[in-house]
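Heads up: the structure comes next, in structure tokens.
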Amino acid sequence: MKAFMLALGLLITSFSSLGADMSNGADNFYTSEQVTVEKVTFNNQYGMQVAGNLFIPKGLNQAAKQAAIIVGHPMGAVKEQSANLYATKMAEQGFVTLSLDLSFWGESAGTPRNAVSPDLYTEDFSAAVDFLGTRPFVDRQRIGVIGVCGSGSFAISAAKIDPRLKAIATVSMYDMGAANRDGLKHSVTQAQRQQILVQAANQRYVEFQGGEILYTGGTPLTLTGNPIGDEFFDFYRTPRGEVTPAGASAHTTTMPTLTSNVKFMNFYPFNDIESISPRPLLLIAGANAHSREFSEEAYRRAAEPKELVIIPGAGHVDLYDRVNLIPFATLTAFFKSNLK
């Protein structure tokens, strides 16, 4: 019986960790004894409450003005997925950091939940600058930003119109506009795009009359054999990175509403990206990332100073949480040099 129970325990452990690849130091839920964390809220310009986590290095001289970094989560995720990890690691390097939930996601305000609004996402980054720049221990002339995945494009969008963001870094960036208009490697045809728009437009009638809200895209709930879908599954649908926001149903992260998702079709974050100059831009992507094309396109279009860093052996989601692959030393050097 003892042998049977041991075998059963091993079997249960095997099933519970199915798909959860914890290699290369995957540590999404990392915490640090060197850092204090405080839940904070602040309003964006439209009076919507934005929720965040404020990370402060222990022993920080709060009588002096410090450099600060805002960290944005992947599109459809919440701050507890990747953003907190980056914020914690950068706080260990002496920065005040702030991870935030974008509007309509996580603990931030906005209905319907999981709605897409690129303009509001962009505004949330500027609202985060408002918040940090009014803390007595933050130097408002030394505020930077890290955008992971979709937040990379929102951070660039914000930086183009908000010169208070002094240094901009993106990791595994998705241009959410191009990804929805054109697909990866321009795989979406004009006919397919028009079909998506028609479907979303007709669904508006349903929801306007009180019908059920439909969701689109997102991470599959089972392994499908599609390499990209399974890559996201391994993070969002396993103990490696799964988070269910308070008050939400399980598995709702990365599932935007169908009718709002088409708003990305009008989102062009790389237009006028050269106007960010002379503020520095750091673009980090995995060598094997399906999203690498977006960082390369941003680099091509941006003006100096700019840097593109390609991480050997890394895919897109690898740079969400694999601390042995994420180039924290590069990020630290970038911000210490440009927020000094």
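Derivation of every value follows stated rules applied to the coordinates shown; laboratory data play no part. Predicted model only: the values in this text are computed from it and were never measured. Note that each Cβ is placed from the backbone with ideal geometry, even for glycine, and that neighbours are counted across all protein chains shown.
Helical runs assigned H by DSSP (4 residues or longer) give the chain a calculated mean residue ellipticity at 222 nm of -10000 deg cm²/dmol, each run adding -39500 (n - 2.57) before division by the residue total.
The mean sequence distance of close C-alpha pairs (under 8 Å, at least 6 residues apart), as a share of the length of region 34-187, puts its relative contact order at 23 percent. Rounded is the label for the chain. Its Cα gyration tensor axes, ordered a ≥ b ≥ c, give a/c under 1.5. One chain, two ends: THR31 and LEU197. Fully extended at 0.36 nm per residue, the span grows by 55.5 nm beyond their Cα-Cα distance.
Placing a pseudo-label 7 Å from each Cα along the Cα-to-Cβ vector at LEU214 and THR332 gives an inter-label distance of 4.9 nm. Between LYS185 and LEU223, the simple spin-label model (points 7 angstrom out along Cα→Cβ) gives 2.3 nm. If the segment from GLN62 to VAL40 were pulled out straight at 0.36 nm per residue, it would be longer than the present Cα-Cα gap by 6.2 nm. Taking 0.36 nm per residue of sequence separation and removing the Cα-Cα distance, the SER23/SER277 pair yields an extension gain of 87.7 nm.
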